[in-house]
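What follows is a short report on a single structure.
Values quoted throughout were computed directly from the atomic coordinates according to the rules given, and no laboratory measurement underlies them. This structure is a prediction, so every number in the text was calculated from the model and none was measured. We place every Cβ from the backbone using ideal geometry, glycine too, and count neighbours over all the protein chains shown.
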Amino acid sequence: MNRARILYEDNDMIVCHKPAGIATQTARVGQADMVSEICNYLAAEGAVPYAGVVHRLDQPVEGIVIFAKNKRSAAALSRQFQENRVEKYYCAVVCGQTFAPAAVLTDHLLKDGQTNCSRIVPPDVPNAQKAVLDYTIKAQMPYGGEEGSPWLIALAGIRLHTGRHHQIRAQMSHAGMSLLGDRKYAGEEALRISERMHVKDVALCACRLSLLHPVTGAQLSFETEPENEIFHLEYWKDYADPASHRVR
């Protein structure tokens, strides 16, 4: 475990920046995951190698992940996530032909276990789950830098109200704002743009998370900056700080 990826640690919890491409937890033999890395790190420090999973990030997504260091904390943290009492903010780079400056997206998602995808369905479909997020476009530019281009690329700030399977990727794509680098949900043109811009990982980062400490009840807030190079275009720097969502 790279110490530089640890954002916070105490006796009850450890907060890390998960890189894109590594699973939060996996049952596949020989495949690296965050749980194994944290347990190895704790064991090397002489601590009990316990890493309780209380929430997850998709494997191709980067950003803040919290793990409990004991069962008591695991139960308290899990309860906050299950009850949607955790504030979760993401930054993304999306592409499309038109963008509303800001909107609330409310859909119903149905997970397909065979394909490991979630799709938008009518609310009366059995097992469908309500999914809500809001987004704000921080900056946008024509693809290729050419005025009049039918495609736009935009930096978006997203606040997640529910925690559904592949929620942001599925909802944003359904709304015509595919995430760059998303080979599972993006449309053909979005994939072509991703390839031309050399975006290999999903352009999505869990960049801010706020919750209560599982033991003391103190309010905690953590921030990180995305590593994906698409977030660090010079163009974006004139408009917004992706990690904090503050427009300059």
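The table that follows gives values for the structure above.
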{"item": "Distance (nanometres) between label positions extended 7 Å along Cα→Cβ at His198 and Thr106", "result": "4.4 nm"}
{"item": "Partners for Lys69 among lysines (Cα-Cα distance below 28 Å; same-chain residues under 8 apart left out)", "result": "Lys18, Lys88"}
{"item": "Mean Cβ neighbour count within 10 Å, used as a protection proxy, ranking 51-61, 219-229 highest first", "result": "51-61, 219-229"}
{"item": "Net lengthening on full extension, Gln82/Thr98 (0.36 nm per residue, minus Cα-Cα)", "result": "2.4 nm"}
{"item": "Phi-based couplings in Hz for the range 117-124 (Karplus 6.51, -1.76, 1.60; Gly and Pro marked x)", "result": "10, 10, 10, 6, 9, x, x, 8"}
{"item": "Amide H contacts of Leu152 (H built 1.01 Å from N, under 5 Å, at least 5 apart or other chain)", "result": "Gly96, Gln97, Tyr143"}
{"item": "Set of aspartates and glutamates with alpha-carbon distance to Lys111 below 18 Å, sequence-local pairs under 8 removed", "result": "Asp58, Asp124, Asp182"}
{"item": "Debye, to nearest 20: dipole size of the range 57-204, +1 on Lys, Arg Cβ, -1 on Asp, Glu Cβ", "result": "800 debye"}
{"item": "Those lysines that a straight Cα-Cα span of less than 21 Å connects to Lys237, excepting residues fewer than 8 apart in one chain", "result": "Lys138"}
{"item": "DSSP beta bridges in the chain [antiparallel fraction, %, rounded to 5]", "result": "95 percent"}
{"item": "Packing-based order for 189-197, 91-99, using average beta carbon neighbours within 10 Å, highest first", "result": "91-99, 189-197"}
{"item": "Net charge contributed by nearby residues that have their C-beta within less than 10 Å of Leu204 (K/R +1, D/E -1)", "result": "-3"}
{"item": "For the chain: relative contact order, % (alpha-carbon pairs under 8 angstrom, 6 or more apart)", "result": "19 percent"}
{"item": "Assigned charges on the beta-carbon of Lys, Arg, Asp, Glu; the chain dipole about Cα centre (debye)", "result": "660 debye"}
{"item": "Computed over the range 3-247, Kirkwood Rh from alpha-carbon pairs, angstrom", "result": "18.8 Å"}
{"item": "Listed residues Gly157, Gly113, Gly21, most fluctuating in the chain (Gaussian network, C-alpha, under 10 Å)", "result": "Gly113"}
{"item": "Linear extension gain, Glu234 paired with Ile6, 0.36 nm per residue minus alpha-carbon span", "result": "79.4 nm"}
{"item": "Whole-Hz couplings from phi, Karplus 6.51/-1.76/1.60, listed for the range 3-11; x for Gly and Pro", "result": "4, 5, 8, 8, 8, 6, 7, 9, 6"}
